[in-house]
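*Asks:* Mind having a look at this structure? Questions to follow.
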Amino acid sequence: MLAVLLNWRRPQNIPRIIASLPTKNVVVWDNARGINRCCYGRFLACKNVDDVIITQDDDQLVWNWDELLAIHSQHPDKIVAALQPYHMRHDREKHWGRAHEVLLGWGSVFHSSLTHCLDRYLRVHGETYILRREADRIFTILCEQQHIIVPSKTWDLPGSFGGMALSRQGNHWQMVARARREALAIVRAGRIVAVAPPLPPPATAKHPPKKKRESRATSLRKRRSSALRRRR
């Protein structure tokens, strides 16, 4: 099991979070160094890993890891995500056929093999700002499965509210809507199977039936008969 944490301007929270995790095998993706990959960093951190991943944001303490891991052990092919009350209430609005959107920051468990679905987005759009910002939404939609959700049990840490939170940015809902459109377009395109209509059989030229050739004797008899009718 590997714990993947994101850090961006909240380094004081990381030691407390690590102490609360059910594993000491921890990777911290530091968005404060170099390019800020936002939420996409959590998937880059486990790109070449073959293991169960637990992850959360850097502004929460998660208290129900035992519950999440127990559920995942019974459904190892699923994403198990803890959601806050607002997101639990509105979960029905985030189902589109097999696709289901959840967020991962309040505690989630999944196998690293699922992250390969993001390659579908990269082939179409590349690494965009939308992917970096809304990677959780895009990832969970592209998995094309119904995830398992449970109520979150968390404690807010410094920085969970205010200008650092993505949800507080003025263009937040525009970014969310665009991420959903792009992910769902990929899902729908993948379900279209192009089947060429069968070709019609080749047209055959229709020729009038050939007349049988008359023998010379028959032809002479017809001419004589015709001459006799004219004399009469």
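*Asks:* Return the residues of the stretch 3-26 that are among the aliphatic types (A, V, I, L, M) and within 22 Å of Arg137 (Cβ to Cβ); say none if nothing qualifies. Can you show your working first?
*Replies:* Restricting attention to the stretch 3-26, the residues satisfying the condition of being among the aliphatic types (A, V, I, L, M) are 3-6, 14, 17-19, 21, 26.
Selection gives Ala3, Val4, Leu5, Leu6.
*Asks:* Filtering the stretch 27-75 down to residues that are touching a residue at least 40 places away in the same chain (Cβ under 8 Å) and of a type in the set (Lys, Arg), which residue is surrounded by the fewest Cβ atoms within 10 Å (Cβ to Cβ)?
*Replies:* If we take residues in the stretch 27-75 being touching a residue at least 40 places away in the same chain (Cβ under 8 Å) and of a type in the set (Lys, Arg), then Lys47 is surrounded by the fewest Cβ atoms within 10 Å (Cβ to Cβ).
*Asks:* Further question on the same structure: Is it the case that some residue within the stretch 130-149 is part of a helix (DSSP H, G or I), over 15 Å from the mean Cα position of the chain (by Cα) and either surrounded by 24 or more Cβ atoms within 10 Å (Cβ to Cβ) or among the hydroxyl-bearing types (Ser, Thr, Tyr) (or both)?
*Replies:* Looking for residues that are part of a helix (DSSP H, G or I), over 15 Å from the mean Cα position of the chain (by Cα) and either surrounded by 24 or more Cβ atoms within 10 Å (Cβ to Cβ) or among the hydroxyl-bearing types (Ser, Thr, Tyr) (or both), one finds none in the stretch 130-149, hence no.
*Asks:* Suppose we keep only residues that are in contact (Cβ under 8 Å) with a residue 24 or more places away in the chain and in a helix (DSSP H, G or I) within the stretch 9-26. Which one would you say is nearest to Leu103 (Cα to Cα)?
*Replies:* So the first thing to find is which residues in the stretch 9-26 are in contact (Cβ under 8 Å) with a residue 24 or more places away in the chain, and the list is 9-10, 12-14, 16-17, 20-23, 25-26.
Checking which are in a helix (DSSP H, G or I) leaves us with 12-14, 16-17, 20.
Details: Gln12: 23, Asn13: 20, Ile14: 20, Arg16: 22, Ile17: 18, Ser20: 20 Å.
Only one residue tops the list, namely Ile17.
*Asks:* Those residues that are closer than 19 Å to Met1 by Cβ, of a type in the set (A, V, I, L, M) and in a helix (DSSP H, G or I), I need them from the stretch 99-126; list them, please.
*Replies:* Leu114
*Asks:* Test Ser160 against the stated conditions and say whether it is at pLDDT 95 or above, hydroxyl-bearing (Ser, Thr, Tyr) and closer than 23 Å to Ala3 by Cα.
*Replies:* Numbers: at pLDDT 95 or above: no; hydroxyl-bearing (Ser, Thr, Tyr): yes; closer than 23 Å to Ala3 by Cα: yes.
No; evaluated as a whole, the condition is false for this residue.
*Asks:* Could you check, for the stretch 172-179, whether at least one of its residues is in contact with a strand residue (DSSP E or B) (Cβ under 7 Å, 6 or more places away or on another chain), of a type in the set (D, E, K, R) and at pLDDT 95 or above?
*Replies:* Going residue by residue through the stretch 172-179, those that are in contact with a strand residue (DSSP E or B) (Cβ under 7 Å, 6 or more places away or on another chain) are none.
Checked the stretch 172-179: no residue is in contact with a strand residue (DSSP E or B) (Cβ under 7 Å, 6 or more places away or on another chain), of a type in the set (D, E, K, R) and at pLDDT 95 or above.
*Asks:* Further question on the same structure: If the Cβ limit is 9 Å and pairs must be 6+ apart or interchain, which residue in the stretch 86-99 that is closer than 17 Å to Ile138 by Cβ pairs with which residue that is modelled with pLDDT of 95 or more and aromatic (Phe, Trp, Tyr)?
*Replies:* Matching pairs, first to second residue: His87/Trp106.
*Asks:* Which of the numbered conditions does Arg230 fail, given that it passes all the others? Conditions: (1) part of a helix (DSSP H, G or I); (2) over 26 Å from the mean Cα position of the chain (by Cα); (3) at pLDDT 65 or above.
*Replies:* Checking Arg230 against (1) part of a helix (DSSP H, G or I); (2) over 26 Å from the mean Cα position of the chain (by Cα); (3) at pLDDT 65 or above, the one that fails is (3).
The values are calculated or read from the model by the stated rules, or taken from the named source; none is laboratory data. All values derive from a computational prediction rather than experimental measurement. So basically every Cβ, Gly included, is an ideal-geometry build from the backbone, and we count neighbours across all protein chains shown.
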